[in-house]
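The values are calculated or read from the model by the stated rules, or taken from the named source; none is laboratory data. The model shown is predicted, which means the values in this text are computed figures rather than measured ones. Every residue, glycine among them, receives a Cβ derived from its backbone with ideal geometry; neighbour counts consider all protein chains shown.
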Amino acid sequence: MSFILRCIDCGHKAPYFPTVIDCSQCGSQWREAEYDLETLSKTLPLQLTDRPFDLWRYHELLPIRTADPSLSLGEGGTPLIQANNLGLMLGCPNIFIKDERQGPTASFKDRQAAVSMAALKEAGITEMVVASTGNVAIAYSAYAARAGIKLWAFVTSLVPAVKMREIALYGSQLIKVSGSYDSVKRAASEFAKQRNLYQNMGARSVPSVESMKTIGYEIAEQLTSYLGSDTSADDKSPRWQTPDWYIQAISGGMGPLGVDKGFSELEKMGFTNKRPAIAGVQAAGCAPIVNSWKKGLENPEVVDVPRTHIETLATGDPGRTYKLLRKIVDDTGGAFESVTDEEAFRAMHVLAKMEGISAEPAAAVAFAGLFKLIRAGVIKPTDTVVVNCTGHTVPPEKFVLGDDWARNVVLPKEEDSKEETPKEGILAALSHVVPERFSRVVIVDDTTEARLLIRRILQSQGDFTIYEAKNGKEALRVVRREKPDLIILDLMMPELDGFGVLDELKSNAETESIPVIVSTAKELTKKEKERLKGQIQSLLQKGDFMSDEFLDEVHTIIP
């Protein structure tokens, strides 16, 4: 399929050659690929049926003239996972995770490397330079090895050693630079100029941006299998589904540029009815895009000294990408948000413990942003949201896990254990793992999913003995029998509601002092709030609490 490049500054159109960086008319380095979307809107649907679900499924919409299957490592086609537990916790049931950890080198940068290396191989380029905070260099190293292209990988010295070793393993020339990522980019650029080598230019590299479109294409197809075809009121023909929100952590911001371009092309071809709102999330210690957007600035405020442990997001100067992303966010009704390192690390724990997904800190930034946007009411409970889980975690640093993340058990020597009763053997050793005193909790809710959610939150963050009751009468029986330290009580239940349970508990000397947390989806009237006053320790609105906040309530009650 033919395509051309259009300069976004002067509009000049020209063929694409990777070695030609500047527009021949105005000298701009900002050009984008254009395709015959009208023709593709008719021909592509007929061809997709027989194609595998991977990145090259959409090769007519990529800046490659002839796709080379021998270069592929299985990129693209990553799962879209519905986050049922997060949805219950947040009161937003249609949350989906685009699991980019499943790429060949475990990050979404595999798409960028695959398309870029295919374009460079097609152009006969045999040596190149890339600047990276880790994932880009790993992905490019793998695909450079596959394509037989020599790679010079410039990385900041703050990149985890395990990532540096992987880069070197692929045979790349690894250059560690002491300083910020912006310093690394300058060093790489100077090196490339001196040796007249091709350099990956991030958002200015056409294959890089184009590769990210495939995330949008895949999401639209995958959401349709979950939600069914989308049909607008004035057009009865079925369409692929697009989410209401697409959320991604950003550093330089190249990823969302490409993803939005993908959604835009789908809409132009008539495959979808809308573009999603785009939300970009940055680490608060290096958030030039977020801070500048919130201040309404035309140009970004540069962060000279990033203050974040999440080095992969420490781009202090986003350059022109800020303006391009700001327009996309404003046009789609999206948002920019920042989160602290602590909020990101907490999101790592929540994601792993609630959904079984281990994400790198940079990916966790996107989820922490999701939590903030839902809390703030920016994302509505009825919205469909897709979050890009951009990469898998490396072995986590100590500051992510904190203290006491494991318990040690010393088993008795075999000859000693023979002289003891079974109780003094392994069972005795394991007994030291469990605290002498359990926190005993009764969960009362007529909804199975709500009970499971609260149980999961408690189990993931502490040692609790948990009992459940599915109605008020059963709750009273369990409480009288087990004498718990805490009751988590739903108000709206058949037969005997939560108010009735409270009345019974407070009228009995054996149960009147047991602390109660009320969790309810009901908007309480003034009279109902008065009725609860003095009888409960806390009132939590379902969908409005996060696990850390919930546990804070529990820990203030249970010593």
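A few notes on this one:
- Residue count, region 10-55 (criterion: among the charged types (D, E, K, R) and assigned to a loop (DSSP other than H, G, I, E, B)): 5
- Condition check for Ser172 on (1) in contact with a Pro (Cβ under 9 Å, 6 or more places away or on another chain); (2) of a type in the set (Ser, Thr, Tyr); (3) under 26 Å from Gly253 (Cβ atoms): one failure, at (1).
- A single entry from Glu301, Glu311 fulfils the requirement of being touching a Leu at 6+ places or on another chain (Cβ under 6 Å), of a type outside the set (Val, Ile, Thr) and more than 30 Å from Leu453 (Cβ to Cβ): Glu311.
- Among residues of region 13-29 that are closer than 25 Å to Glu127 by Cβ, those with a Cβ under 7 angstrom from a residue that is aromatic (Phe, Trp, Tyr) and not in a loop (DSSP other than H, G, I, E, B), sequence gap 6+ or separate chain, pair up as Tyr16/Phe3; Pro18/Tyr198; Thr19/Tyr198.
Every residue, every condition in (1) at pLDDT 85 or above; (2) surrounded by 12 or more Cβ atoms within 10 Å (Cβ to Cβ); (3) not in a strand (DSSP E or B), yes or no:
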site: Leu505; (1), (2), (3): yes, yes, yes
site: Ile514; (1), (2), (3): yes, yes, yes
site: Glu523; (1), (2), (3): no, no, yes
site: Leu540; (1), (2), (3): no, yes, no
site: Asp544; (1), (2), (3): no, yes, yes
site: Asp548; (1), (2), (3): no, yes, yes
site: Glu553; (1), (2), (3): no, yes, yes
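- Residue among Ala113, Ala153, Ala145 that alone is in a strand (DSSP E or B), among the hydrophobic types (A, V, I, L, M, F, W, C) and either at pLDDT 95 or above or buried (at least 22 other Cβ atoms within 10 Å of the Cβ) (or both): Ala153
- Screening region 80-97 for residues that are in contact with a helix residue (DSSP H, G or I) (Cβ under 6 Å, 6 or more places away or on another chain) and at pLDDT 95 or above and picking the one that is nearest to Ala352 (Cα to Cα) gives Ala83.
- Of everything listed in (1) farther than 21 Å from Arg65 by Cα; (2) surrounded by fewer than 21 Cβ atoms within 10 Å (Cβ to Cβ), the single unmet condition for Glu122 is (1).
- Evaluated against (1) modelled with pLDDT of 90 or more; (2) surrounded by fewer than 22 Cβ atoms within 10 Å (Cβ to Cβ); (3) over 30 Å from Glu355 (Cα atoms), Ala131 falls short on exactly one condition, (2).
- Residue within region 492-502 that is in contact with a Phe, Trp or Tyr (Cβ under 7 Å, 6 or more places away or on another chain), surrounded by fewer than 18 Cβ atoms within 10 Å (Cβ to Cβ) and at pLDDT 90 or above present: no
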